[in-house]
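Below: the structure, in structure tokens.
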Amino acid sequence: MPVDVPKDTWAGSVRVVTIGATPAEGGTRQKVLKVGGEKALSYLSFEAEMPNRPAVAVEIRDRRPEDWSKVLLDAWGDVTRDPTAWAKAAEAAGADMIVLMLSATGEDGKTLTPETAVKTVKAVLSAVGLPLAVYGPGQAELDNELLVAVAEATKGERLVLGICEDKNYRTIVATAMANDHLVVARTPMDVNLAKQLNILINDMGFPLDRVLMDPTTGALGYGIEYGYSAMERLRLAALQGDAMTQLPMIVTPGFEAWKTKEAKVGEGVPEAWGNWEERAINWEVLTAMTLLESCADIVVLRHPESIRQVKAAINELLAA
Amino acid sequence: MALSGIQIYKLLPQTNCKECGFPTCLAFAMKLAAKQVELASCPYVSEESKAQLAESAAPPIRLITLKADGNEVKAGNEVVLFRHEKTFYNRPGIFITVSDDLAIDDIKKQVVEAEKFAINYVGINLAIDGYAVQYQSGDAGKYAQAIQAVREATKKPLILVCAEAKAAAQGLSVLGDETPLLVAADTTNWEAMADLAKEKGAALAVTADSLDALSELTEKIKGKGVEDLVLYPQADTLGKALVLNTQIRRLAIKKNFRSLGYPLIAFPQTPAAAAQAITKYAGFVVLKEFKPELLYPLLVLRQNIYTDPQKPIQVQPGLYEINAPKPTDPVLVTTNFSITYFSVANEVEGSGLPAWLLVADAEGMSVLTAWAAGKFDAERIAKAVKSFGVAEKVSRKRLVIPGHVAVLSGELEEELPGWEIRVGPREAVDIPSFMKMAL
């Protein structure tokens, strides 16, 4: 007896967002990255093929992050002292995109200047041909100052500028609009807050096909279920036709997983936690996989081995 | 067709005897309609009604319980595709594979080692649920010995991974009164496996690589009188596994499709596949080896995904004493979301430094979420300080707030005159060094 499988038919679909611009398009990238475009829940190929594969972005810093887990610093080694070398190593490790996080202070201990930020971003752009996202250090005034300078110095590159939050989005959106860049809109694990920020950004006249949304997640064991369900609900709303949720989702499992004690600490923990390095990588891989299952379009990772495992898993997911 | 609550009510005794655990027959009928209870809970329902209700009363995914010596692992009885629609109920059992190829002593050693595995996660004890004994030796006698050895080292339920009915029979013969799971019946061995499962009261996994073949097999096996089935869809990629598991879950829940209304078993080969098995519908997860560094995150993932989204795990708001604090010791404030509380409490405890931990009522949300939702603001923190009589317990009025809500410090100084407000680290993991350096 043949089984009649019920198929969902959806009214809506996710927008396609193109990150990066080639020389022909006004930028300098060798490759652009297209994400989104889903017409069904991710990987359910019997309903609709995924038009663009979920991407793995790799987080790098403008200076060596001494507070990172030793497991991470050892894995990358000396390249963490030079963002261009780090970007190349990330590309070699399989990155589809680089996420460059600017620090609040430079090597000299003084507040990072726009000139230094621009210099670093330009150096990374000339070191690799991948699309690039640039995140400020997370302090509103400084973020705005740095990102405006970066946006103006890289006009036309279609960088992703981050992070827009409800308390600080206008300046970043305005400079992205003026200089042909994209933005990432972050809200704390809530469907309505995510919609609201997308509406505010759209109200400024900024086209939604240049917005990635970051609904935020917790790490495995630290509230991932909230992010997981918020993402499932956002994607279902998008497929049902709610225009303000029809954006590709970018999430940061690397950042979340690597701040947990389980990933960060190797000594003085229970024996049942097992091998530190493997546990830490598993923490990142399981966090990332869970978010991919809830329809993430871009996962930002940190460890080279996690990048390898998650990329392999995405390949398998698409080979239904 | 499924019956409505009212239709079911008409078939019940309508005596409101309460023996089913519900206050009225109508309440019980509503639960039956929602497939959240079994008709067997009603002791007085007539045979005639039973037959009529059989269809409506059965849950869309049959509940399968593996048992051994008082230990149980349940799978099935799920009612939704997405956890936010209600919740996922029965956390998938995690089993560790033991091969009969090893020497008996090594088998015992492996299981004894794995049995020691125990994790305390936010006050919940996590452990392995059982063992899957794999028939690899090709020697039925050896297989039975291996099962015997595993059984001596653990009291937890077993899965017999053995497609040869004769070897499986010999394996089962060393087990006493328990309900193991036999893996698996396919198109070639199903008759012998079904007979064996029936004779021994074992649950039986059924395997095939398509839904058509799977449902055909379950129908045939049901015809032999074996009802406790588990589905083992064969998939060579994560994508195919996701599609098959989703289709099976959908057919069962949306279409009440009986021949696929059983829990699923998965044999993930990578950490990524194990994560998918937990999120996407496996009822039993068999890992290829005992690796604590994978088990720990996997058990935590299971706990997270199967948390009832309507009920965040909360701790009681109040003033908690850590490491026997004195009146001069600092007061740290956080929210009553359990994960937040345990992260902070563990760190303070681990630091060895005494402190008062003030847990404010933030409706069970974490610091950032509660702050964004207006449930963890200066007013609420001040209220907690006052209502739990913190000022009477301490002589030095010093309050440390989480770094994520540093913006509240000005307002708090106004709300709590006479208190010194300090901004602590953003992450719990940095609390010990903060306490040593800054307090």
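The values are calculated or read from the model by the stated rules, or taken from the named source; none is laboratory data. No experiment lies behind these values; they were computed from the predicted model shown. As a convention, Cβ positions derive from the backbone with ideal geometry for all residues, glycine included, and neighbour counts pool all protein chains shown.
The condition of being more than 17 Å from A:Ile281 (Cβ to Cβ), part of a helix (DSSP H, G or I) and either of a type in the set (Val, Ile, Thr) or at pLDDT below 95 (or both) holds for only one of B:Val300, B:Val344, that being B:Val344. Residues A:Gly27, A:Gly94: which one is touching a Gly at 6+ places or on another chain (Cβ under 6 Å), more than 14 Å from chain B (Cβ to nearest Cβ), part of a loop (DSSP other than H, G, I, E, B) and not basic (Lys, Arg)? The match here is A:Gly27.
Looking only at residues of the stretch A:30-47 that are more than 14 Å from chain B (Cβ to nearest Cβ) and within 18 Å of the chain's Cα centre (by Cα), we find that the one that is modelled with the lowest pLDDT is A:Lys31.
Residues checked against (1) crowded, with 24+ Cβ neighbours inside 10 Å; (2) within 25 Å of B:Ser99 (Cβ to Cβ); (3) in contact (Cβ under 8 Å) with a residue 24 or more places away in the chain; (4) out of contact with any Lys or Arg (no Cβ under 8 Å at 6 or more places or on another chain):
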residue	(1), (2), (3), (4)
B:Ile278	yes, yes, yes, no
B:Gln303	no, no, yes, no
B:Pro325	no, no, yes, yes
B:Asn336	yes, no, yes, yes
B:Phe342	no, no, yes, yes
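Could you please let me know if B:Tyr306 is away from every other protein chain (no Cβ under 12 Å) and of a type in the set (Ser, Thr, Tyr)? No; evaluated as a whole, the condition is false for this residue. Just checking, how many residues over the stretch B:1-38 are surrounded by 15 or more Cβ atoms within 10 Å (Cβ to Cβ), more than 21 Å from B:Val79 (Cα to Cα) and among the hydrophobic types (A, V, I, L, M, F, W, C)? Adding up the residues that qualify gives 3. Just one of the listed residues (B:Leu158, B:Leu182) is among the aliphatic types (A, V, I, L, M), crowded, with 24+ Cβ neighbours inside 10 Å and touching a residue at least 60 places away in the same chain (Cβ under 8 Å), namely B:Leu158.
Yes/no per residue for (1) over 20 Å from B:Ala241 (Cβ atoms); (2) small (Gly, Ala, Ser); (3) away from every other protein chain (no Cβ under 11 Å):
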| site | (1), (2), (3) |
| --- | --- |
| A:Met249 | yes, no, yes |
| A:Ala257 | yes, yes, no |
| A:Ala263 | yes, yes, no |
| A:Asn275 | yes, no, no |
| A:Asn282 | no, no, no |
| A:Ile307 | yes, no, yes |
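Listed here are the residues, each with its yes/no results for (1) surrounded by fewer than 24 Cβ atoms within 10 Å (Cβ to Cβ); (2) in a loop (DSSP other than H, G, I, E, B); (3) without any contact (Cβ under 8 Å) to a residue 24 or more places away in the chain; (4) of a type outside the set (A, V, I, L, M, F, W, C).
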site	(1), (2), (3), (4)
A:Gln196	yes, no, no, yes
A:Ile201	no, no, no, no
A:Asp209	yes, no, no, yes
A:Gly221	no, yes, no, yes
A:Met231	no, no, no, no
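Against the numbered list (1) facing chain B (nearest Cβ under 8 Å); (2) touching a strand residue (DSSP E or B) at 6+ places or on another chain (Cβ under 8 Å), A:Val183 comes up short only at (1). Scanning the stretch A:138-162 for residues that are at pLDDT below 95 and either crowded, with 19+ Cβ neighbours inside 10 Å or under 11 Å from A:Ala117 (Cβ atoms) (or both) yields a single hit, A:Gly162.
Among helices (runs of 4 or more DSSP H) entirely within the stretch B:370-439, having at least 1 residues that are under 38 Å from the mean Cα position of the chain (by Cα), within 14 Å of another protein chain (Cβ to nearest Cβ) and at pLDDT 95 or above singles out no element at all. Give the residues of the stretch A:284-298 that are more than 7 Å from chain B (Cβ to nearest Cβ) and either of a type outside the set (A, V, I, L, M, F, W, C) or under 15 Å from A:Glu91 (Cα atoms) (or both), sorted by residue number. Scanning the stretch A:284-298 gives A:Glu284, A:Thr287, A:Ser294, A:Asp297. Residue count for the stretch B:255-297 satisfying the condition of being outside any loop (DSSP other than H, G, I, E, B) and within 11 Å of another protein chain (Cβ to nearest Cβ): 18. Taking (1) under 29 Å from A:Glu305 (Cα atoms); (2) crowded, with 24+ Cβ neighbours inside 10 Å; (3) more than 7 Å from every other protein chain (Cβ to nearest Cβ) in turn, A:Ala238 satisfies each apart from (1).
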